[in-house]
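Written below as structure tokens is the structure these notes are about.
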Amino acid sequence: MGERPRTYKTEGIILRRRNLGEADSIFTVFAEREGKFDAIAKGVRKARSRMRGHLEPLTRTRMMLARGRSLDVFTQAETVNPYRGLRENLERSASAIYCAELVDRFAAEHQELPGLYELILEVFDALEAGAPEQVVRYFEQHLLAQMGYEVQLDACAVCGTRLAEEEALLSASAGGLVDYGCRVVAGSGRVVSVRAIKVLRYARGASIEAFAGIRIDRELAHELQAALADLVRYVLDREVNSGRFVAQVTALESRHAPERESAYNEEPNPATS
């Protein structure tokens, strides 16, 4: 086998940055082929740096890198999509930061995850276009599925019996919904409503655009957020740092705004059908 080329081109989302010294920064990138990796941009914080502004967190960037002993080094960077509308809106920015952190937590170094790359582009594009915050629930659910933790929604996760149309226990340890007779065996969990179950089932096969178009009231939105947060927390075995920030921003926005109309064409509501 030949040696890997000393330089390579890729395209990815900048997940986060860490400053190093007086002018350098280390960026965590998530790319379609290379997966997640860290690379250093030397002198990027200097006013005359040509890469300054192209390597901002939440930016989709085309880049060239040189392989280094410990960290690869950025040699060129060009913005593909700055997601300016996303980053300039507090609520959308908080949601995007949360999604970026989830990718950072779930993805292993240099693990090729093309499906997850497409998924984060979908949610960033949707948020940029004005989709409601519920698309983050879509992202969480599909992220779990792609990483091997798909939620069992049709049959009891303990005994396999087809679920009746009634509220059920959502058990992270069992891997999904549990019927009434198996709750003791499943242990801890959260009882979720029929409406929430229908929305979760709809999200499984819908496009993100279709999911963004359904009407979800605040009570149901809160229920879905709490349920999926339980699942994410269980899999990661830790709290997501940006989760609390998102909750605070969402609470602030909801106190000062009426029920929000979706910018997408409204789809039939699975929660009421």
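The values are calculated or read from the model by the stated rules, or taken from the named source; none is laboratory data. In this text, all values refer to a predicted model and were calculated from it rather than measured experimentally. Note: ideal-geometry Cβ built from the backbone for every residue, glycine included; neighbour counts use all protein chains shown. With ligands, DNA and RNA removed, areas are computed over all heavy atoms of the protein, side chains included. Shrake-Rupley method; radii C 1.70, N 1.55, O 1.52, S 1.80 Å.
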Unmet criterion (only one of (1) open to solvent by 20 Å² or more (accessible area, probe 1.4 Å); (2) at pLDDT 95 or above; (3) polar (S, T, N, Q)) for residue 89: (2)
Mind checking which helices (runs of 4 or more DSSP H) fall wholly inside the stretch 201-268 and carry at least 1 residues that are modelled with pLDDT under 95 and surrounded by fewer than 13 Cβ atoms within 10 Å (Cβ to Cβ)? 218-236, 243-255
In the stretch 98-128, which residues are open to solvent by 60 Å² or more (accessible area, probe 1.4 Å), out of contact with any strand residue (DSSP E or B) (no Cβ under 9 Å at 6 or more places or on another chain) and either farther than 28 Å from residue 7 by Cα or outside any helix (DSSP H, G or I) (or both)? 122
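Of all residues being assigned to a loop (DSSP other than H, G, I, E, B) and among the hydroxyl-bearing types (Ser, Thr, Tyr) in the stretch 29-68, which is farthest from residue 7 (Cα to Cα)? Just the residue, please. Break it down into steps so the answer makes sense when it comes.
From the stretch 29-68, those assigned to a loop (DSSP other than H, G, I, E, B) are 32-34, 42-59, 67-68; that's our starting set.
Then drop every residue that is not among the hydroxyl-bearing types (Ser, Thr, Tyr), which leaves 49, 59.
Values: 49: 20, 59: 22 Å.
Only one residue tops the list, namely 59.
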Going through 18, 69 one at a time, which residue ends up being open to solvent by 40 Å² or more (accessible area, probe 1.4 Å), farther than 26 Å from residue 148 by Cβ, modelled with pLDDT under 95 and among the charged types (D, E, K, R)? 69
Hey, among the residues in the stretch 39-82 that are within 28 Å of the chain's Cα centre (by Cα) and in contact (Cβ under 8 Å) with a residue 60 or more places away in the chain, which one's farthest from residue 23 (Cα to Cα)? 80
